[in-house]
Ligand code: SAM
């Protein structure tokens, strides 16, 4: 059985989708499962590192899916052609890396592409990239599994991309509305961390740099509150 996190990501695959790329696929569980459940008919599992690439190959071979799941070694979206798949999944990495992969490979994405993204940290940097590149988020979730809190989102290009407010960018436009218990937990913890930082910055010499940093954290704490 797949993890709760990967199952939720799979639930975002649109009904009309036939093909999917999983970039940074590691073991290739997600594309294999999506295929076995009949959600897609073909997939690409992309990996930049040799170890996870071999692991993806092993999973695909052990399930006899070589003809439908193409395992490719390469950096980010370089492993696919423009518009090759209906869905592109990038999950289990930091927000900055996801943003970099999207930015460097944006020519591979089309108005038909659905993006399914799961940043481990810094989701705001991913939302920021999406909203400044014509993408609109159409679903988001947050869940806790094995002591980790995961945020995930799905997006597509729209003629008039939905502009996000500062709070929506930070916390997620749908997550704010859903008000999940895990969402509250995450932001309570985050606020606590920031308050500790503000406290320790107050205890150091008040140079211009420190004062400026403190102001930034105070502003963030106010937003979270
Ligand atoms: N996507 C899977 C998941 O969510 O369970 C695996 C996540 S794993 C923690 C992150 C994977 O991304 C690693 O296997 C790593 O090798 C791969 N990766 C990191 N940077 C990458 C890049 N630029 N292009 C492709 N894969 C990358």
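Bear in mind these aren't lab numbers, they're just calculated from the coordinates by the rules spelled out. All values derive from a computational prediction rather than experimental measurement. Please note: Cβ atoms are built from the backbone with ideal geometry, for glycine as well, and neighbour counts cover all protein chains shown.
Couple of notes before you dig in:
- Computed from the Cα positions only, the extents of the stretch 123-220 along the three principal axes stand at 49, 33, 19 Å, in decreasing order.
- 158, 125, 85 arranged by Cβ crowding within 10 Å, fewest neighbours leading: 158, 125, 85
- DSSP bridge pairs, the chain: antiparallel proportion in percent, nearest 5: 40 percent
- Rg and Dmax [Cα atoms of the stretch 27-179; Å; Rg one decimal, Dmax integer]: 15.7, 47
- Once the chain from residue 112 to residue 11 is taken as fully extended at 0.36 nm per residue, the excess over their C-alpha distance is 34.6 nm.
- Once both labels are positioned 7 Å from their Cα atoms along Cα-to-Cβ, the gap between residue 159 and residue 189 label points is 4.2 nm.
- Helix axis angle, 181-202 relative to the chain longest principal axis, alpha carbon, degrees: 40 degrees
- The Rg/Rh ratio of the stretch 14-114, with both radii computed over alpha carbons and Rh defined as the Kirkwood radius, is 0.94.
- Stretching the chain fully between residue 211 and residue 139 yields a gain of 22.1 nm (0.36 nm per residue, less the alpha carbon separation).
- Value of relative contact order over the chain, rounded to a whole percent, pairs C-alpha under 8 Å and six or more apart: 15 percent
- Taking only the alpha carbons of the stretch 184-224, we obtain Rg and Dmax values of 10.7, 34 Å in that order.
- Using C-alpha pairs below 8 Å separated by at least 6 residues, the relative contact order for the stretch 93-225 is 21 percent.
- In the chain, the longest principal axis of the Cα atoms and the axis of helix 50-62 are about 40 degrees apart.
- Using alpha-carbon coordinates, inclination of helix 95-104 to the longest axis of the chain, degrees: 50 degrees
- Taking each DSSP H run with n ≥ 4 as -39500 (n - 2.57) and averaging over every residue of the chain yields -13500 deg cm²/dmol at 222 nm.
- Ranked list, fewest to most other Cβ atoms within 10 Å of each Cβ, for 79, 89, 71, 48: 48, 79, 71, 89
- Calculated FRET value between residue 196 and residue 18, using beta carbons and R₀ = 35 Å, to 0.05: 0.10
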